[in-house]
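Shown next, in structure tokens, is the structure this report addresses.
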Amino acid sequence: MSKVSMVLNGKSVSADVEDRTLLVSFIREVRALTGTHVGCDTSQCGACVILVNGKAVKSCTMLAAQADGAEVVTVEGLASNGALHPVQAAFRENHGLQCGFCTPGMIMSAVDMINRYGAGNLDEDTIRHELEGNICRCTGYHNIVKSIKAASDQMAGMSQAAE
Amino acid sequence: MAVEGIGARALRKEDKRFITGKGQYTDDMVMPGMGFAAFVRSPHAHAKVTSIDSTAALTMPGVDAVLTGDQLVGDGIGNLICGWMIHSKDGSPMNMGGWRALEPEIVRHVGQAVAVVIADTQAQARDAADAVEVEYEELPAVVDSVAALQPGAPQLHPEAAGNLIFDWEIGDEAAVNDAFEKAAHVTRMEISNNRLVPNPMEPRAALASYNDAEEHHTLYTTSQNPHVARLVLSAFYAVAPEHKLRVIAPDVGGGFGSKIYIYPEEMVCLWASKRVGRPVKWVSDRTEAFLTDAHGRDHKSEAELALDADNKIIGFRVKTVANIGAYMSLFSSAVPTYLYATLLSGQYDIPAIHANVKTVYTNTTPVDAYRGAGRPEATYLVERMMETTAREIGLSPAEFRRKNFVRSFPHQTPVIMCYDAGDYDATLDAAMKAADYDGIAARKAEAASRGKLRGIGMSCYIEACGIAPSAAVGSLGAGVGLWESAEVRVNPVGTVEVLTGSHSHGQGHETTFAQLICERFGLDSDSVAIVHGDTDKVQFGMGTYGSRSGAVGMSAIVKALDKVEAKAKKIAAHLMEASEGDIQIEGGELKVAGTDKKLNFSEVALAAYTAHNLPEGMEPGLKEGAFYDPTNFTFPSGTYICEVEVDPETGTTEIVSFVAADDFGKVINPMIVEGQVHGGLVQGIGQALLENAAYDENGQLLTASYMDYTMPRADDVPSFNLSTHETLCPGNPLGMKGCGEAGAIGSPPAVINAITDAIGNNALTMPAAAEKVWSLYQSGSKEAAE
Ligand code: FES
Ligand code: FES
């Protein structure tokens, strides 16, 4: 057992967990945040993607102990003051989800992608390539790609307007 | 908010919870005191279980119990069953072997469960499952369906001599023989349809609890049809009586057929929760899913098509061997028979068809319906034959198809189906135009100048949805009726709840079903709620599969709405002292035609519940239910055109364009329909290019994880060019046909027709892996049959 502390969706949390506890289990079972999903056991599907210190991470591939002291954001932490994050809104507006199981991981990967490339700098090929680590069985990706492009372009517009 | 009725691209009501992480899937559920189940599974494809020793496991931390098949059988739990009786052509009933949820004697596929451990945590349960010592005596295994029929093959079930479950036929064999005698041209092919794993992203899961004071069970489970699950669990498996069992299928993360069936694991959790006296949860890991979720397809066929001198099809002969796996899953017998051979006429006027289907036990995971279920196998066979025949006789594939299209309706095929409506020229024209089919020569030349091989292929599919008229399927062997039920409850304040027996696991019913109510009463969608997936709330339902929720589920809602509307009009007429025939509903109001008298819908609802002033003899309340039994199947159809570029150096295929022109009848929400097509197309393209469930000769599944089974990723597929062309289905009130499976049904032959066109070699099998494509191109034998 070891004590793990982190800032999870802006809140300081800590718990004593078995050493082998995965970060995804810490989030889902210890913290009862069930938006982060588990779709495989080989780090392939991306249903578990979250942000650790601002970077996209497959939370099934990391021990909770490795996130000790980190700042962690899950899909539950994206919306601020009840307003959806532009990526969340774009998934709804572009029908980028069906069963919703891959969706939290897709959204977190998209947020990371837009962070890395800069809003407005994503084209379809880049998005498809960047989604290599996320599997969706429902949507055929068409509308996921559209959602991410729309969010990226809209966020570019927002930051321009703010300047 | 504007009223979003039929035809509106209404955004989904259910999305908010999914995009904010508030969806509630089975694995998200927690019950006080719950334990976790882990299964002990066979590492062998075929073996005698000689002993199971739980001693060490029982001493491990947190372990509550280790349960085995002997205890299960001792408690009177029944065998798993196949619910559709098929008779062989000699009239004998199918040969079904026994299937126990925990096998005490002989295991027949890798991954079959022999025991279950219940412990305080999932990790403890899994550790202890590893410590259960099971001794096996290995038996020879067979995985290939054709090999399993050979004399001397290992035998799986005493009930099925020679591993043959049934030897079934459909159509007029003599008429087909006549046609072949007269034929001016015959095309022959061997065609196989690769085995697939459905792979919804949410793995199966169950959480069962038992209240001993009430003698009542609750089961949360990943099901496409919770009422069917309850029926089977009570009537056949005798785990709990129906009125003492509540089955809830909450948010479900995709199904594609694989969550129709009632599997051993869910049943064992239900049984174990009573035995150990605590709630029991099980969540499949992905490898377990590969080993135990019902697989799809796995057909081997020989097909022959006979033409007259004018290139009209005069006969079609098909022989198919279908691999059923180690046990007969719930609908496994219907898939390669009535869901397959009845679609062998395609979009074509074929006077004589005969099909023979043998289904076979092998030491592999059970095979059952996967998105399309039989219809993709039929379409692949028909459309590969059509393209190949066109090439052989030197007609353009479009012209050859056109020459044989059905053009007058209703059209009775020689294989049961009676097509009610369609316009196959319209979808073919639309697809050819969108794909610039006639400009392919220039694009091929341009690609050649870059050293690439360009090819184009089409597929004109038809499928049967809206399953199904109960009496008709009953006469064909179905153990259940395939109607749907609905209840429309108008609350006193005028909000509406619709309870439906359909189940949504990605299809967006909360939105599309609400659109019907908004359209009918002029309400905004926030005042409508759709309730589904809970046997305590919804009285009964047959669930969602076979693209039936629109054509059947929504038809039931329409019937109930008719009754609600009639009663509301009666009340309104009474209150406004008008005649019932003069009441019109518009914009949320009930108006007396030609006057300015009107009542708000909510005022009429309130009047129904206060009951202070109702017409003489009328019961209070505004709530109506309906059962809808379809009058016929529905027949979605369309044309898909795929254009590919193959790299001759590596054999890799890139899909450069994909056009789909579909006729789904009435479309309620185009946005959702497009989403269904996108998803179906990628599953079909996955089958054609990437996916394959491969076994070695000992029955080990070589593709039991995402490291080995290639799921289509965003980078493997293109964006799509879609259109719909509506001919209304005359058989149901809305004219709907269904759109859930078309993409997966129509796309594989379009892809393979395109690649074989590009490489000039027809001997390609699915999946079209680069190495296979490369060596076929190198060998260059253009005439080789598939
Ligand atoms: S659960 Fe599949 S990658 Fe993490
Ligand atoms: S929406 Fe179902 S897996 Fe992506």
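The values are calculated or read from the model by the stated rules, or taken from the named source; none is laboratory data. Nothing here was measured: the structure is a model prediction, and the numbers come from that model. Cβ atoms come from the backbone with ideal geometry, glycine included; neighbour counts cover every protein chain shown. When the accessible area is computed, the model is the full protein with side chains, heavy atoms only, and any ligands, DNA or RNA have been set aside. Shrake-Rupley method; radii C 1.70, N 1.55, O 1.52, S 1.80 Å.
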Next item on the list: Using 0.36 nm per residue of separation minus the Cα-Cα distance, give me the extension gain between residue B:598 and residue B:188 in nm, one decimal.
Entry: 140.7 nm
Notebook entry, point to check: Using a Gaussian network model of chain A with C-alpha springs under 10 Å, which one of A:149, A:58, A:11 is most mobile by mean-square fluctuation?
Noted result: A:11
Check: Expressed as a rounded percentage, what relative contact order does the stretch B:230-388 have, with Cα pairs under 8 Å and six or more residues apart?
Finding: 24
Notebook entry, point to check: Can you pull out the GluC sites (Glu not before Pro) in the stretch B:493-590 that DSSP calls coil and that have at most 12 other Cβ atoms within 10 Å?
Noted result: B:577
Margin query: What percentages make up the Cα-Cα pair-distance distribution of the stretch A:2-77 when the bins are 10 Å wide from 0?
Written below: 22, 61, 17
Next item on the list: Send over the semi-axes of the stretch B:597-683's equivalent ellipsoid, whole angstrom and largest first, taken as the square roots of 5 times the C-alpha gyration tensor eigenvalues.
Entry: 55, 15, 11
Checklist line | Over chain B: Rg over Rh, Cα atoms, Kirkwood Rh | finding: 0.99
Margin query: Relative contact order of the stretch B:99-197, please, whole-number percent, based on alpha carbon pairs below 8 angstrom and at least 6 residues apart.
Written below: 11
Checklist line | Cα convex hull volume per residue for the stretch B:638-727 (Å³) | finding: 142
Next item on the list: For the protein assembly as shown, give the percent of accessible area contributed by carbon and sulfur heavy atoms, probe 1.4 Å, rounded to a whole number.
Entry: 49
Margin query: Heavy atoms only, 1.4 Å probe, whole protein assembly: order B:9, B:489 by accessible area, highest first.
Written below: B:9, B:489
Check: If you take the square roots of the eigenvalues of the alpha-carbon gyration tensor of the stretch B:76-179 and sort them as a ≥ b ≥ c, do you get rounded (a/c under 1.5), prolate (a/b over b/c) or oblate?
Finding: prolate
Check: Which of the residue pairs A:55/B:13; B:16/B:666; A:146/B:13 have a Cα-Cα distance greater than 23 Å in the structure shown?
Finding: A:55/B:13; B:16/B:666
Next item on the list: Express the Stokes-Einstein translational diffusion coefficient of the protein assembly as shown in µm² s⁻¹, to the nearest whole number, given a Kirkwood radius over alpha-carbon pairs, 37 °C and a viscosity of 0.692 mPa s.
Entry: 113
Margin query: Pairs of alpha-carbon atoms within less than 8 angstrom and 6+ residues apart define the contacts here; what relative contact order does chain A have, in percent?
Written below: 24
Item checked: Calculated over the stretch B:209-322: convex hull of Cα atoms, volume per residue (Å³) -> 162
Next item on the list: Binning at 5 Å from 0, report for the stretch B:324-371 what percent of all alpha-carbon pair distances ends up in each bin.
Entry: 5, 20, 25, 21, 13, 10, 6, 2
Check: To two decimal places, what compactness ratio does the stretch A:86-162 give when its Cα radius of gyration is scaled by 2.2 N^0.38 Å?
Finding: 1.00
Note to self: Report the Cα-based extents of the stretch B:483-628 along its three principal axes, largest first, to the nearest Å.
What the structure shows: 47, 27, 23
Notebook entry, point to check: Do any of B:281/B:537; B:537/B:569; B:300/B:772; B:444/B:772; A:58/B:452 go past 30 Å between their Cα atoms, and which?
Noted result: A:58/B:452
Checklist line | Total accessible surface hidden between B and A, rounded to 100 Å², 1.4 Å probe | finding: 4100
Notebook entry, point to check: Going highest first, how would you order B:279-288, A:118-127, B:619-628 by mean Cβ packing within 10 Å?
Noted result: B:279-288, B:619-628, A:118-127
Margin query: Run lengths n ≥ 4 of DSSP H only: what is the helix-derived mean residue ellipticity at 222 nm for the protein assembly as shown, with -39500 (n - 2.57) per run over all residues, to the nearest 500?
Written below: -8500 deg cm²/dmol
Check: Residues of the stretch A:122-154 with accessible area at least 30 Å² lower in the all-protein-chain context than alone (1.4 Å probe)?
Finding: A:128, A:132, A:135, A:137, A:138, A:140, A:141, A:142
Notebook entry, point to check: Given a cut-off of 22 Å, what percent of all Cα-Cα pairs of the stretch A:19-156 lie beyond it?
Noted result: 32
Next item on the list: Of the listed pairs B:559/B:623; B:319/B:737; B:563/B:623; B:570/B:597, which have alpha-carbon separations greater than 18 Å here?
Entry: B:319/B:737
Next item on the list: For chain B, report the accessible area per residue in Å² (1.4 Å probe, heavy atoms, rounded to an integer).
Entry: 33
Next item on the list: Tabulate in residue order the Karplus-calculated ³J(HN,Hα) for the stretch B:660-674, using 6.51 cos²θ - 1.76 cosθ + 1.60 with θ = phi - 60°, rounded to whole Hz; enter x for Gly and Pro.
Entry: 10, 10, 10, 10, 9, x, 5, 9, 7, 9, x, 4, 6, 4, 4
Notebook entry, point to check: Can you give the three extents of the C-alpha atoms in the stretch B:1-153 along their principal axes, from longest to shortest, in whole Å?
Noted result: 68, 56, 30
Item checked: Average beta-carbon neighbours from other chains, 10 Å sphere, peptide B:198-208 -> 4
